[in-house]
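Reading through the structure tokens given below for one structure.
The values are calculated or read from the model by the stated rules, or taken from the named source; none is laboratory data. Everything numeric here is computed off the predicted structure, so don't read it as measured data. All Cβ positions, glycine included, derive from the backbone under ideal geometry; neighbour counts span all protein chains shown. When the accessible area is computed, the model is the full protein with side chains, heavy atoms only, and any ligands, DNA or RNA have been set aside. Shrake-Rupley method; radii C 1.70, N 1.55, O 1.52, S 1.80 Å.
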Amino acid sequence: HFLGSRLPDADGAFRHRTTPFLDCFENGGVVLLDEVDACDENVLLAINNGIANGTLPVPGRDDKPFATKHPDFRLIAAANTFGTGPSAIYVGRNQLDAAFLDRFEFIEVDYDRKLEQSLTGDCRELRERWWSIRDKANKAGLRRVVSTRSLLRAVTKHKELGYSVDDCVKGLVASWTVDERKTVEVI
């Protein structure tokens, strides 16, 4: 289905229906494969064929069974790991084929504090508590994620539902062990 499907039209004739990926591949554009380390290996094999050789077989498209890569096609793959398999935190991830990984330049991206500051506005105390917990958790090697997503949920609770900063922090660490809470100084 990543390369399209052969489906019936109103007249009952089966015709190929394209996809955003195939459209960008043939006509130019940017595709982001988010969470690529959780992707089905058969999908990645099909994609690898196209980015490696410049052509993709398109099953079910009888009039044009091969797609040619446009010079302005760009593929970005984002993952929580480096594609070498599960980590202590991201245990449900797949090891990616070395031939697929070799097609990409790796750029490590961490949480962006300027972006978080912009998104959280006047919630300075809450934001700085989050950053402190994140820094301490990372320094101690805790297997915990202190994400922008969780910070934004906390901002909503704080601003719209009246939660105190302490209550928001307690919500973040509610599932953490006592030792983990002590490590980040939230008891």
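Highest-first packing order for the peptide set 150-156, 112-118, 8-14, 50-56 is 150-156, 50-56, 112-118, 8-14, based on the mean count of other beta carbon atoms within 10 Å.
Only one of the values [x] 22.3, 67; [y] 16.9, 63; [z] 15.7, 46 was calculated from this structure for Rg and Dmax of the Cα atoms in Å; name its label. Computed from the coordinates, Rg and Dmax of the Cα atoms in Å corresponds to [x].
Projected onto its three principal axes, the C-alpha set of segment 17-90 covers 47, 23, 22 Å, listed from the longest axis down.
Would you be so kind as to identify which of N48, S5, L32 lies farthest towards the positive end of the dipole of segment 1-63, taking Lys and Arg as +1 and Asp and Glu as -1 on Cβ and the Cα centre as origin? Result: S5, furthest along the dipole toward the positive end. The calculated FRET efficiency for the pair S5 and F82, based on their C-beta separation and a Förster distance of 35 Å, comes to about 0.60. Quick one: in segment 102-187, what % of C-alpha pairs are over 15 Å apart? When all Cα pairs of segment 102-187 are counted, 58 percent exceed 15 Å. Distance from the C-alpha centroid of segment 121-187 to that of segment 1-34: 42 Å, rounded to the whole angstrom. Using a probe radius of 1.4 angstrom, the carbon and sulfur fraction of the accessible surface of segment 84-173 is 47%. How much of the DSSP bridge set in the chain is antiparallel, in percent, rounded to the nearest 5? DSSP beta bridges in the chain are roughly 60 percent antiparallel.
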